[in-house]
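Asker: Can you keep this structure in mind? I'll have questions shortly.
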Amino acid sequence: MKYNVSTLLTGKRGTMAEEVKEAFRQSGLSHLLAIAGLHLGLVGGFVFFAVRGGLALIPWLALRYPIKKITAVVTLIVLFCYLMISGAAIPTQRAFIMTGIVFAAILIDRLRLSMRICALAALVVLLLDPASLVGVSFQMSFGAVVALIAVYETWGTRLAYLFHSGSFAKKVLGYLGAVALTTLVATVGTEPFAIYHFHHLVLYSPLANVIAVPISAMWTLPWGVIACLLMPFGLEKLALVPMGWGIDVTIAVAQWVAALPGNVWSMPRLPTLGVVLVALGGCWVCLWQGKWRWWGTIGIVAGMAAMLLTRPPDLILADFGRFLAARMPDGNYLVADTAEKLTRSFLVQETGASLLPWPAAASSAGALDCPAEGRCFYAAHARRVALVTGEAGLPVACNTVDAIVAQVPAGFQCRSQIPVVDRIDSWRQGAIALWLEPAGVTIESTNANRGDRPWVPHPVSARERARAAEGK
């Protein structure tokens, strides 16, 4: 339990069991493990009300000094310390800036959570780390917050009347309804980025959040704050035990939802252009106030529809030739035995496909036929490609295939006639993907897509370096 407590209080997940982290990912509860708005909001609220309540008990102070503003300053200091202790990740920076602006607004008697505050937080984060714009933390964090602010700015008054009026029982149901709505809005705001980065959709994420978020907000994290306050006195166990109960329930919910059939859906690859269209369309919908705001849905729909125009590569050669994968008609991949576990995991994350063992010599599997040691033939979309897995598979008759993919150096014999990709090309160009079409073979490489920039590697062999030195 102590490792899970450490994760919730500091955001450090290294000591958390891998199966528990996977359950949180597959249930849509990973945001509970990141120090973000929920954590800083609870800490800030607890400190603010506790300090202000304590100062209000001293009439001499309460009658002579603005204790509300004094409390806001104390809260800002505590939140800044929490930011530093947690490691100042992007979601924590965003939450600190937005929460900090709210408490700073108390000092000037202007309190309103608006899109302007969110924009200011994004500006500060980008000034500190411009590269975070293309990172998953920035995109999902601000995607959720922008969507929530837009919804509550537009319908906040009506939602407050709906959820927080009537009898006590109705208010309790209203709170659960507000949590469900908030979860649904945050899910809609983040799912396009989750699909872009992780290539899967968690279908029952709203269900998990409706159950787990109230437990974390009303039980687990408040006890965590109390535990931190008791640590200087060595009495933290009094709060850690009930906090552990909440953690156990949350883990049980995550594991239950993750195990539900049909929960995780593998999604097609969302191209960069698609996610840009979704982001621009979402900003248009959220930022405008007039009826023309709904024109942004055109960008969102067009961006998501871009998934229909993409297809995973048929063949992949990577990791200096050690990784070779061939796509089967069912969408899964046959992977050569030389592929390392880490590279395999990247392919699974990118495509959501299952990885199958490479067929032995003199056998076949689906579109892949391996008639001899070191050589296989892959057929798809009216194209035939020779896959060379060893020196014994060379040479290949150039006029019998449309391309050659080799885990070993393939030489120059066929390069003037057909596309040839080998281990040397993977060393020079990074991972290489091939798409087979009736019209021909399309090849893309990592370094070519990154462009000719100073930070893109361009390996040069010792022989080429020697020739260059002789030329000088």
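Asker: For residues that are among the polar types (S, T, N, Q) and either modelled with pLDDT of 85 or more or not in a helix (DSSP H, G or I) (or both), scanning just the stretch 155-170, find the one that is most open to solvent (accessible area, probe 1.4 Å).
Answerer: Within the stretch 155-170, the first condition is being among the polar types (S, T, N, Q), and the residues that meet it are 157, 165, 167.
Now drop any that are not either modelled with pLDDT of 85 or more or not in a helix (DSSP H, G or I) (or both), which leaves 165, 167.
Values: Ser165: 29, Ser167: 68 Å².
Going through the qualifying residues, I end up with Ser167.
Asker: Can you name every residue in the stretch 131-143 that is surrounded by fewer than 19 Cβ atoms within 10 Å (Cβ to Cβ) and either more than 18 Å from the chain's Cα centre (by Cα) or of a type in the set (A, V, I, L, M, F, W, C) (or both)?
Answerer: Ala131, Leu133, Val134, Val136, listed by residue number.
Asker: Quickly run through the stretch 358-372 and pick out the residues that are loosely packed, with under 13 Cβ neighbours inside 10 Å and in a loop (DSSP other than H, G, I, E, B).
Answerer: Within the stretch 358-372, Ala360, Ala362 qualify.
Asker: Assigned to a loop (DSSP other than H, G, I, E, B) and either touching a Gly at 6+ places or on another chain (Cβ under 6 Å) or surrounded by 13 or more Cβ atoms within 10 Å (Cβ to Cβ) (or both): does that describe Thr338? Steps first, answer last, please.
Answerer: Working: assigned to a loop (DSSP other than H, G, I, E, B): yes; either touching a Gly at 6+ places or on another chain (Cβ under 6 Å) or surrounded by 13 or more Cβ atoms within 10 Å (Cβ to Cβ) (or both): yes.
Spelling it out, Thr338 is indeed assigned to a loop (DSSP other than H, G, I, E, B) and either touching a Gly at 6+ places or on another chain (Cβ under 6 Å) or surrounded by 13 or more Cβ atoms within 10 Å (Cβ to Cβ) (or both).
Asker: Also, I was wondering about something else. Within the group Gly331, Gly296, Gly321, Gly281, which residue is open to solvent by less than 50 Å² (accessible area, probe 1.4 Å), without any contact (Cβ under 8 Å) to a residue 40 or more places away in the chain and in a loop (DSSP other than H, G, I, E, B)?
Answerer: Only one candidate passes the filter, namely Gly331.
Quick grid of which residues meet (1) modelled with pLDDT under 80; (2) in a helix (DSSP H, G or I):
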| residue | (1), (2) |
| --- | --- |
| Glu19 | no, yes |
| Ile35 | yes, no |
| Leu38 | yes, yes |
| Val51 | no, yes |
| Ile70 | no, yes |
| Leu83 | no, yes |
| Ile101 | yes, yes |
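Asker: Of the residues that sit in the stretch 53-68 and are open to solvent by 60 Å² or more (accessible area, probe 1.4 Å) and not in a loop (DSSP other than H, G, I, E, B), which one is nearest to Leu107 (Cα to Cα)?
Answerer: The initial filter retains those residues of the stretch 53-68 that are open to solvent by 60 Å² or more (accessible area, probe 1.4 Å), namely 57-60, 63-66, 68.
Filter once more, keeping what is not in a loop (DSSP other than H, G, I, E, B): 59-60, 63-64, 68.
Working: Pro59: 21, Trp60: 21, Leu63: 18, Arg64: 16, Lys68: 8 Å.
Ranking the candidates gives Lys68 first.
Asker: If you don't mind, there's one more thing I want to ask. Go through the stretch 312-366 and give me each residue that's small (Gly, Ala, Ser), within 15 Å of Ala431 (Cβ to Cβ) and more than 23 Å from the chain's Cα centre (by Cα). Walk me through how you get there before you give the answer.
Answerer: Pass one, the stretch 312-366, residues small (Gly, Ala, Ser): 318, 321, 325-326, 331, 336, 339, 345, 352-354, 360-366.
Of the ones still in play, those that are also within 15 Å of Ala431 (Cβ to Cβ) are 318, 321, 325-326, 336, 339, 345.
Within the stretch 312-366, Ala318, Gly321, Ala325, Ala326, Ala336, Ala339 qualify.
Asker: Let me spell it out: the conditions are (1) open to solvent by 60 Å² or more (accessible area, probe 1.4 Å); (2) under 30 Å from Val275 (Cβ atoms), and Leu173 meets all of them except one. Which number is the exception?
Answerer: That leaves (2) as the condition not met.
Asker: Filter the stretch 21-33 for residues that are modelled with pLDDT under 80 and open to solvent by less than 20 Å² (accessible area, probe 1.4 Å) and give the result.
Answerer: Those that are modelled with pLDDT under 80 and open to solvent by less than 20 Å² (accessible area, probe 1.4 Å): Leu32, Leu33.
Asker: Hey, another quick one. Take the residues in the stretch 42-78 that are out of contact with any helix residue (DSSP H, G or I) (no Cβ under 6 Å at 6 or more places or on another chain) and among the small types (Gly, Ala, Ser), then tell me which one is farthest from Gly143 (Cα to Cα).
Answerer: Gly54
Asker: In this structure, does Val408 turn out to be open to solvent by less than 50 Å² (accessible area, probe 1.4 Å), at negative phi and under 41 Å from the mean Cα position of the chain (by Cα)? Spell out how you get there, then give the answer.
Answerer: Working: open to solvent by less than 50 Å² (accessible area, probe 1.4 Å): yes; at negative phi: yes; under 41 Å from the mean Cα position of the chain (by Cα): yes.
Here the answer is yes, as Val408 does meet what is asked.
Asker: Sort out which residues of the stretch 308-317 are open to solvent by 10 Å² or more (accessible area, probe 1.4 Å) and among the aliphatic types (A, V, I, L, M), and write them in order of number. Show your work before the answer.
Answerer: So the first thing to find is which residues in the stretch 308-317 are open to solvent by 10 Å² or more (accessible area, probe 1.4 Å), and the list is 308-313, 316.
Hits for the stretch 308-317 are Leu308, Leu309, Ile316.
Asker: Determine if the stretch 373-395 includes at least one residue that is outside any strand (DSSP E or B), open to solvent by 30 Å² or more (accessible area, probe 1.4 Å) and free of Cβ contacts under 8 Å to residues at least 12 places away in the same chain. Give the derivation first.
Answerer: Looking only at the stretch 373-395, we keep the residues that are outside any strand (DSSP E or B), and these are 373-374, 381-382, 389-395.
Subsequent filtering for residues that are open to solvent by 30 Å² or more (accessible area, probe 1.4 Å) retains 373, 381-382, 389, 391-392, 394-395.
Filter once more, so that each one left must be free of Cβ contacts under 8 Å to residues at least 12 places away in the same chain: none.
There is no residue in the stretch 373-395 that is outside any strand (DSSP E or B), open to solvent by 30 Å² or more (accessible area, probe 1.4 Å) and free of Cβ contacts under 8 Å to residues at least 12 places away in the same chain.
Asker: Which one of the conditions (1) open to solvent by 20 Å² or more (accessible area, probe 1.4 Å); (2) under 27 Å from Ile149 (Cβ atoms); (3) touching a helix residue (DSSP H, G or I) at 6+ places or on another chain (Cβ under 7 Å) does Glu191 fail to meet, given that it meets all the rest?
Answerer: (3)
Asker: Further question: Which one is most open to solvent (accessible area, probe 1.4 Å) among residues in the stretch 453-472 that are modelled with pLDDT of 70 or more and under 22 Å from Val420 (Cα atoms)?
Answerer: Among them, the one singled out is His458.
Asker: Further question on the same structure: For the stretch 103-153, which residues satisfy the criterion of being in contact (Cβ under 8 Å) with a residue 40 or more places away in the chain and not in a helix (DSSP H, G or I)?
Answerer: Gly135
The values are calculated or read from the model by the stated rules, or taken from the named source; none is laboratory data. Everything quoted here is computed from the prediction, not taken from an experiment. Ideal geometry is used to build each Cβ from the backbone, glycine not excepted, and the neighbour counts take in all protein chains shown. SASA here: full protein model, heavy atoms, side chains in, ligands and nucleic acids out. Shrake-Rupley method; radii C 1.70, N 1.55, O 1.52, S 1.80 Å.
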